[in-house]
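Asker: Before anything else, here's the structure in question.
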């Protein structure tokens, strides 16, 4: 309980009028006689407190929410759209053991890995399962000349100029960025592909380097007895891997 | 710049502001006079106060409200990226790897010749034109016209439907009409059928024409070019008896005299001349190897800017000068007595006339002495618009100089002398070579066609390209004549002035959509192969002709193959291989025309000299001379709807989006006109209202106007831009006319001139030395003493740098257009240019030096981002949007930039460009409507964009990146090739920025300056190498080589090069 003496001159100088609101009403019988003017009612003050606290909390919540929900780690990871043809990498690349390069022919020379043309599908499926209803869109495309509208899974923003060839040919495997595609019946966006994620590797490529010949091998491990980091450091030294860390490496 | 600089000139000749260091250069008369307007302009660019901001009256409260609202709305839309599709090919075309560009060799047809080019194509859409490095004429370089031609392909204003009497129709309708219409004409052997084509150098078209005239012998073929070479042809006929084409070999010439001849710029073969001239110009040591250039001309041309000595002389008086020069050169010669006598007589007559300005003595005596001293390596060139006599005399003088001049004294020893000279010629080769003419043989002229129409002989007129209704001489009134022809069929890229007078307008295919062939300047046969299907369904002239003549083969592809089978002479078994090689290399090796050695007809020249000529009238303010020029940007008007060319500053006047009547300061003072005044030009009963512009270096009482402007039907870009000077053109005096009168109208007209934009205020920016000084003291530039600012160690394996050689840069501006094409740089329109908001990443600063009222000299300096090591822009960016790369590049990150423009303010070179509006997305006439304006790029224009470069949005700063996309492509290529070997350095010469690739003078060199063996490193050790504003210790990566002038010490003016 705060007891206040109006006659004490020090009170007036120490407290602003609003501080009086913190004095419980019943303990301040002489309030009506107070010479200080009342600006806010008690109810307004209560609202103010709620707004200040509530506002602070909601800002924190928004920040936490943005921090959690906005980055690609949340928005992109796990993205697995339904494709017009239920093509299974797990079957083709996993069990049948097709090389990635059979379809993604651009990956060693171009910036884009290239989604295969309908012709690539028809190379085999003219003979294998030629009447499967699941392959209907492929056959339609083959006959009509219109492309199969594959839904894009992995995508970097337009101002990022990513190049597949330099990664694959210098010893970054498919699995490093795309995950274990050979075990995915439906392709899932596994890594975030955010800028921080890119930079992690550009700053410490040794954690992910492998011999370029093994780029398409999903099960490659550093040779027995060596850690990935030690082996990667050797490769980095030998191939003189210096991934760009400046903006111009990716943004033009 | 409204204030008349001449008002100040009227009081006294202004003295240039004392520069901080070095010689005084000035970019404009305003700067020289330091007018109040110029100070205002500078003050705005370098604000000392916040006046501009405060006056802007931005309501802060309102601004914050709007910003908050837009932020809130933006948040709602950005939650998840939309689903997008990948659409692969069904049957992939061979050769196309998505993501990798392909290059195809083709050729861009020009008036009477073609330019061999290599075109970059991204997944089937052409995006960039380069020179064909396999072709000796271009050697990989191009000019601005070729660079800009890619924009013409995607011009949304190209004509799309077939037009019948102005109404939309179809090709089917035309084909049905043509089948009915031409069958009876064929039966009548072509009677009443007339063709009018441009001067097209195409073997296939020649072949079709021959075939056509065989089955329709009564048909007639006429050729019209607004800028033709009739004078040169007539001069050759006069001198040799046949129309030969003279081809100057500038790399063999040690002394060059150009008589009203812009051979490095707008004359024919300018690109090749520049390549060769630059080669000779670079031989700075030993002293005898560098060439010397004398120029006599009426208007400042780029060639005049390169001159060691330049004399202003009205174009109508150059004939007299040529006669005087020939007389002095032949003095004492016995080669041709009649010519000698005729020249003597003519010169005496001329001296007796009062109508001529006296020509300074040294301009005859010393020039002749210099020419004679270097005989065998001397070269005289006459300009396209000079009368035939000048050309003939120049042929005679070149002949004399190539073999030596037998004199009476030396006659006894002639055999040995001729032998000695012959050896010399053998050593260097002749400075002029002659080839058979390439133009369409036996074709009539436009004037003859007009006569035929007048007589009612023309029933059907087929116009293939060109725009005669616009660019025919005014006294023909060709548009009116066209109405009298019953059927006019016109093939053209745009529905223009001629189309609206035609019964049928047929859309033509652009050269990048066509199969065809052409001959380049030396006669080499080059293919024209399509990079894309006709966007708007156009057809080529080859197809049109073969259809209307009823030939069996009507597909251009087959027509060209048949022609190739003939011209190449290969057997059937080897045909496919030869054809593929032809397409791959872009030329048929060994198909150049043979060089002939004609015999000069001295007597004919003597007769021509002796023939009476009208005495030239003394020019004065009441009796002026009018020069109608080929335009450096629009040519004869054919590129009027090309925004890149319209916005390109004219190399000398620096005007954009307009032409103007150019006056010398003296003439302007006499007439009382100033920049921006509208004047009325009156000539022989015709008149034209046009804006006036004062340009130093113009001959007194000679007025120059560029052709090609004032189009009434050109498209959204070109319509109504500038003033149509064809209104003053007549058949008799197409290029030079005397008797012009100029009246002030009291009106003014705004001009968008970039001469003062991004100015760097009177410092030691361009440097020149004379060859003698350079050889005496080759002192390299001292490092700046004050090294207060340093930068972190740059660890990159390669360190990029650039050297620009001012000694060979003429200022032709091909680099500006090349950069625009490569880097997706938008155009901003005249209004924004006038506000100094043009977006060109590279600008060509033009400086005059010397005496304003007399003979100023001219020098150009390309300025793009210097990639400073201690970059002043980087330290002021609050969001780290401009940062340094480890390879020494000053990197601009668009996605970070918030548009504070602090970097622009802090840049001493003024090379950063800010997107004040969404120039890429909004129509230029709706910029101020903000979000209410239409949004989006016109459909075909999207396809031109380089996919490797971000298209910037409003509010973002941008600048030269040294073509970072090309650097990265080179680095990635080297690393992919290296694999695990570790040899990752990019070999020298692999990475070439767009500007350097386009440069016809090879003045821009780019490379790794850390590698001591690279070309750029070697150039940087040259004593002429200097840094722009190097005293600021910015450590620019781009450095310049100062210009070397090679003046004749016995000439009085020394070319303005004395420091």
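Asker: Assign one of three labels to chain B, namely rounded, prolate or oblate, based on the Cα gyration tensor with a ≥ b ≥ c the square roots of its eigenvalues; rounded applies when a/c is under 1.5, prolate when it is not and a/b is larger than b/c, and oblate otherwise. All intermediate terms of the calculation are to be shown ahead of the outcome.
Answerer: Details: a/c = 1.39, a/b = 1.11, b/c = 1.26.
Rounded shape, in that the Cα axes give a/c under 1.5.
Asker: On to the next question. Rounded to the nearest 0.05, what FRET efficiency is calculated for residue A:203 and residue B:100 with R0 set to 22 Å and r the Cβ-Cβ distance?
Answerer: 0.15
Asker: What list do you get for B:673, A:85 if you sort them by fewest beta carbons within 10 Å?
Answerer: A:85, B:673
Asker: Can you give the average number of partner chain beta-carbon atoms within 10 Å of each beta-carbon in peptide A:240-247, as a whole number?
Answerer: Mean partner shielding for this stretch: 6.
Asker: Using alpha carbons only, how many degrees (0 to 90, rounded to 10) separate the axis of helix A:228-239 from the longest principal axis of chain A?
Answerer: Rounded to the nearest ten degrees, it is 60.
Asker: Let me ask something additional. Based only on the alpha carbon positions, what is the Kirkwood hydrodynamic radius of region B:610-690, in angstrom?
Answerer: 15.1 Å
Asker: So how far apart, in nm, are the two label points at residue B:171 and residue B:451 if each is 7 Å from Cα heading toward Cβ?
Answerer: Distance between the two pseudo-spin positions: 3.9 nm.
Asker: Could I ask something else about it? How far apart, in nm, are two points set 7 Å out from the Cα along the Cα-to-Cβ line at residue B:686 and at residue A:59?
Answerer: Here the answer is 7.4 nm between the modelled labels.
Asker: Would region B:628-762 count as rounded, prolate or oblate if I go by the C-alpha gyration tensor, calling it rounded below 1.5 in a/c and otherwise prolate when a/b exceeds b/c, oblate otherwise?
Answerer: Taking the square roots of the gyration eigenvalues as a ≥ b ≥ c, region B:628-762 is oblate.
Asker: Taking neighbour counts of Cβ atoms within 10 Å as a proxy for exposure, in what order, fewest first, do B:967, B:86 appear?
Answerer: By the 10 Å Cβ count, ascending, the order reads B:86, B:967.
Asker: For chain B, what does the helix formula give at 222 nm: sum of -39500 (n - 2.57) over DSSP H segments with n ≥ 4, over the residue count, nearest 500 deg cm²/dmol?
Answerer: Details: 34 runs with 320 residues, N = 1059.
Estimated from H runs of four or more residues: -8500 deg cm²/dmol.
Asker: Sticking with this structure for a sec: R0 = 45 Å: FRET efficiency of residue B:242 with residue B:1025, Cβ-based, nearest 0.05?
Answerer: Approximately 0.35, to the nearest 0.05.
Asker: Work out the FRET efficiency for residue B:577 and residue B:134 from their Cβ-Cβ distance, taking R0 = 22 Å, and round it to the nearest 0.05.
Answerer: For residue B:577 and residue B:134, the calculated efficiency is 0.80.
Asker: Mean separation of Cα pairs under 8 Å and 6+ residues apart, divided by the residue count of chain A: what relative contact order is that in percent?
Answerer: Dividing the mean separation by the residue count of chain A yields 20 percent.
Asker: A further question on this structure: Compute the Rg/Rh shape ratio of the protein assembly as shown: radius of gyration over Kirkwood radius, all on alpha-carbon atoms.
Answerer: Taking Rg over the Kirkwood Rh, I get 1.02.
Asker: Using the Cα atoms as the points, what is the convex hull volume per residue of chain A in Å³?
Answerer: It is 287 Å³ per residue.
Asker: Rg and Dmax in Å for region A:116-222, alpha carbons only: what are they?
Answerer: Here Rg and the maximum Cα pair distance are 17.3, 50 Å.
Asker: Peptides A:111-117, B:316-322, B:636-642, B:548-554: what's the order by average Cβ count within 10 Å, highest mean first?
Answerer: Listed from highest to lowest mean packing, they are B:636-642, B:316-322, A:111-117, B:548-554.
Asker: Could you work out the mean count of beta carbons from other protein chains within 10 Å of each residue's beta carbon in A:155-165?
Answerer: Per residue, the number of nearby Cβ atoms from other chains is 4 on average.
Asker: Restricting to Cα atoms and excluding each atom paired with itself, what does the Kirkwood estimate give for region B:650-723 in Å?
Answerer: 13.0 Å
Asker: Follow-up question, since we're still on this one. What's the extension gain from residue B:85 to residue B:925 if we count 0.36 nm per residue and subtract their Cα-Cα distance?
Answerer: Extending this stretch completely gives an extra 298.9 nm.
Asker: For the modelled label position 7 Å from the Cα of residue B:553 along Cα-to-Cβ, which residues of region B:174-201 have backbone nitrogen atoms closer than 20 Å?
Answerer: B:201
Asker: Starting from the Cα-Cα distance between residue B:160 and residue B:589, subtract it from 0.36 nm times their residue separation and give me the gain in nm to one decimal. Could you put the intermediate results ahead of the total?
Answerer: Numbers: separation 429, 0.36 × 429 = 154.44 nm, distance 3.74 nm.
Extra length available between residue B:160 and residue B:589 comes to 150.7 nm.
Asker: Mind pulling up the Rg/Rh value for region A:32-128? Radius of gyration and Kirkwood radius, both on Cα. Intermediate results must be reported in sequence, preceding the final value.
Answerer: Numbers: Rg = 30.8 Å, Rh = 20.1 Å.
In region A:32-128, Rg relative to Rh is 1.53.
Asker: Just for the Cα atoms in region B:122-275, what are the lengths along the principal axes, largest first, rounded to whole Å?
Answerer: The principal-axis extents, from largest down, are 62, 50, 28 Å.
Asker: Compute the distribution of all C-alpha to C-alpha distances in region B:803-850, in bins of 5 Å from 0, and list the percent of pairs in each, rounded to whole numbers.
Answerer: 5, 17, 22, 24, 18, 10, 4, 1
Asker: So, one more: Using only the Cα atoms, what convex hull volume per residue in Å³ does region B:434-581 have?
Answerer: Details: hull volume 22.0 nm³, N = 148.
Residue-normalised Cα hull volume stands at 149 Å³.
Asker: Per residue of B:973-986, how many C-beta atoms from partner chains lie within 10 Å of its own C-beta, taken as a mean?
Answerer: Mean number of neighbouring Cβ atoms from other chains: 5.
Asker: Given axes a ≥ b ≥ c from the Cα gyration tensor, I'd like to know whether region B:815-883 is rounded (a/c under 1.5), prolate (a/b larger than b/c) or oblate.
Answerer: Prolate, since a/c reaches 1.5 and a/b exceeds b/c.
Values in this text are rule-based calculations from the coordinates and carry no lab data. This is a predicted model, so every value here is computed, not measured. Every residue, glycine among them, receives a Cβ derived from its backbone with ideal geometry; neighbour counts consider all protein chains shown.
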